[in-house]
Amino acid sequence: MLMNSAQKSKKNDSSFPKQLNSLINYSEGGILSKVLHSAPNSNITLFCMAAGTELGEHTSTKEGTVHVLEGRGAFVLEGREIVMLPGVLIRLPKNAVHSLKAAENTAFLLTLWI
């Protein structure tokens, strides 16, 4: 079945591939998140943290990864500080206590799975 471009774009609104750079957007003094994929066993969320913002200590019931796309910050994982720089990939064990602080505008992908 052939579809015109309007039909294709409507049908593929949440499909891949995604151009991540075009999705990065910062809110002054805030944190934005955009769910890129959601399924019963996994999800992928883009986080954009404005400079100076932070997420206090928390845990996740799922295992995952944090892939830093741009910016600079600190990710504290069970007491160990990891510098967040573009290209850094952090493994996040299930139920691990962690926190984040953006020293400058920082974007990352959070991927979680069961």
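The values are calculated or read from the model by the stated rules, or taken from the named source; none is laboratory data. What you see is a predicted model; the values in this text were computed from it and never measured. Counting neighbours? That spans all protein chains shown, and the Cβs are built from the backbone with ideal geometry, glycine included.
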Filtering strands (runs of 3 or more DSSP E) wholly in region 37-114 for at least 2 residues that are loosely packed, with under 13 Cβ neighbours inside 10 Å and touching a residue at least 40 places away in the same chain (Cβ under 8 Å) gives 54-58
Expected single match for within 27 Å of P17 (Cα to Cα) and of a type in the set (S, T, Y) among T53, T45, T59 is T45
Looking for something modelled with pLDDT of 95 or more, under 21 Å from L112 (Cα atoms) and in contact with a Gly (Cβ under 7 Å, 6 or more places away or on another chain) - is there at least one such residue anywhere in region 65-73?
yes
Across (1) touching a Lys or Arg at 6+ places or on another chain (Cβ under 8 Å); (2) on the phi > 0 side of the Ramachandran plot, T65 clears everything bar (2)
Restricting region 24-36 to residues that are of a type in the set (S, T, Y) and over 24 Å from P93 (Cβ atoms), the one surrounded by the fewest Cβ atoms within 10 Å (Cβ to Cβ) turns out to be S27
Of (1) at pLDDT below 95; (2) assigned to a strand (DSSP E or B), S33 fails just (1)
Here the residues within region 20-62 that are touching a Cys at 6+ places or on another chain (Cβ under 7 Å) and among the aromatic types (F, W, Y) are Y26
> Does I90 qualify as being within 18 Å of C48 (Cβ to Cβ) and hydrophobic (A, V, I, L, M, F, W, C)?
Replying inline: yes
